[in-house]
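J.: Pasting in a structure now, in structure tokens, and then I'll have a few things to ask.
The values are calculated or read from the model by the stated rules, or taken from the named source; none is laboratory data. Just so you know, these numbers come straight off a predicted model, no measurement behind them. Here the Cβ positions follow ideal geometry from the backbone for every residue, glycine too, while neighbour counts run over all protein chains shown. Note: areas computed on protein heavy atoms with side chains; ligands, DNA, RNA excluded. Shrake-Rupley method; radii C 1.70, N 1.55, O 1.52, S 1.80 Å.
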Amino acid sequence: MHVPNLTERLAAAGLRYFGMAELSAPLIPPRLAGFTNSTAAEGEEWAASVENDAPDYQERVNHEWYMLSASQGLFNRADPKFLVAVRSLPEEESRFSWWAHVALASDWDFSGAGAEAQVTGHGWGNPEFAMLSTDGNVVVQASRGQKWTDIVCLKNPQRIRSLRDAGAKLSTSTSVPEETREALRRWLDHTSSL
């Protein structure tokens, strides 16, 4: 999967790029990871919210993301590596997306510069992203609603029945890109006994 200018766009967010995850890897697809904030999490969910009109909105979103992600295992504070969902063409919402291996740089900004670069959002102050721990056991998703920006962490997505059911349904939908349907089936098959 080739993503134009990805290294530069990720750098704008404060992320160092180490290449794309193998398409054959049995990882939860970003399309399904995006359901994190609407899944019945069965006690495996943690969340933080920031008011969209907060005067320190950008800093608070970044801070809440870091505190939640570090405490729940998206990455190790000493070696902050994880996966972030990227699309082949950022301006096309429905295109196939997959995971990029990244590490957090010392100076990063997901809600401002990263969102402006269309890596962690849809314009400055409009964060929208999905992230995954390198072992696939922690998903963090953020989205801006009408009044609040929610950051949701879901642990052990492979064990969440409602998420697996949503994945099974998506895997048969012709409105979902074939690459995503294949990735969904691969993840569901690989995690069926976990």
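J.: Which residues' amide hydrogens lie under 5 Å from the amide hydrogen of residue 121, considering only partners 5 or more residues apart or on another chain, with H built in the peptide plane?
T.: 128
J.: Same structure again: Got a number for carbon plus sulfur as a percent of the chain's accessible area, 1.4 Å probe?
T.: 47 percent
J.: Do you know the relative contact order of segment 12-163, to the nearest whole percent, from alpha carbon pairs under 8 angstrom that are 6+ apart?
T.: Taking the mean separation of contacting Cα pairs over the length of segment 12-163, I get 35 percent.
J.: Considering the Cα positions of segment 68-182, please state its Rg to one decimal place and its Dmax as a whole number of Å.
T.: Rg and Dmax of segment 68-182, Cα atoms, are 14.7, 43 Å.
J.: Stretch residue 173-residue 81 to full length: gain in nm at 0.36 nm per residue minus the Cα-Cα span?
T.: 29.9 nm
J.: Mark the label point 7 Å from the Cα of residue 38 along Cα→Cβ and return the residues of segment 134-169 whose backbone N is within less than 12 Å of it.
T.: 166
J.: What accessible area per residue, rounded to a whole number of Å², is obtained for segment 48-194 using a probe radius of 1.4 Å?
T.: Accessible area per residue: 46 Å².
J.: Follow-up. Of the peptides 167-177, 62-72, how do they stack up when ordered by the mean number of other Cβ atoms within 10 Å, highest first?
T.: For the peptides 167-177, 62-72, the packing ranking is 62-72, 167-177.
J.: Ordered by packing density, taken as the mean number of other Cβ atoms within 10 Å over each peptide's residues, highest first, how do 75-87, 149-161, 45-57, 127-139 rank?
T.: Taking the mean over residues of other Cβ atoms within 10 Å, the ranking is 127-139, 149-161, 75-87, 45-57.
J.: Distances longer than 30 Å among the Cα atoms of the chain: what percent of all pairs is that?
T.: 13 percent
J.: Residue by residue, what Karplus-based ³J(HN,Hα) values in Hz, rounded to whole numbers, does segment 126-135 have, using 6.51, -1.76 and 1.60 with θ = phi - 60° and x for Gly and Pro?
T.: After applying 6.51 cos²θ - 1.76 cosθ + 1.60, I find 10, x, 7, 7, 10, 9, 9, 5, 5, 8 Hz.
J.: Rounded to the nearest 500, what is the chain's calculated 222 nm mean residue ellipticity when only DSSP H runs of at least 4 contribute -39500 (n - 2.57) each, over all residues?
T.: Theoretical 222 nm ellipticity from helices: -8000 deg cm²/dmol.
J.: What full-extension length gain, to one decimal in nm, is calculated for residue 53 and residue 70 as 0.36 nm per residue of separation minus the Cα-Cα distance?
T.: Separation in residues times 0.36 nm, less the Cα-Cα distance, equals 3.6 nm.
J.: Name the residue farthest towards the positive end of the dipole of segment 97-194 from the options 187, 106, 118, assuming +1 on Cβ of Lys and Arg, -1 on Cβ of Asp and Glu, about the Cα centre.
T.: Toward the positive end, the furthest listed residue is 187.
J.: Continuing with this model, one more query. Tell me, what ³J(HN,Hα) does each residue in segment 6-16 have, in order and in whole Hz, if you take phi through Karplus 6.51 cos²θ - 1.76 cosθ + 1.60 with θ = phi - 60° and put x for Gly and Pro?
T.: Once θ is set to phi - 60°, the couplings for segment 6-16 become 5, 4, 5, 5, 5, 4, 4, 7, x, 10, 8 Hz.
J.: Against the longest principal axis of the chain, how steep is helix 161-170, in degrees 0 to 90 to the nearest 10, with axes from Cα atoms?
T.: It is inclined by approximately 80 degrees.
J.: Another question, then. Percentage of Cα-Cα pair distances in segment 141-194 greater than 18 Å, rounded to whole percent?
T.: 46 percent
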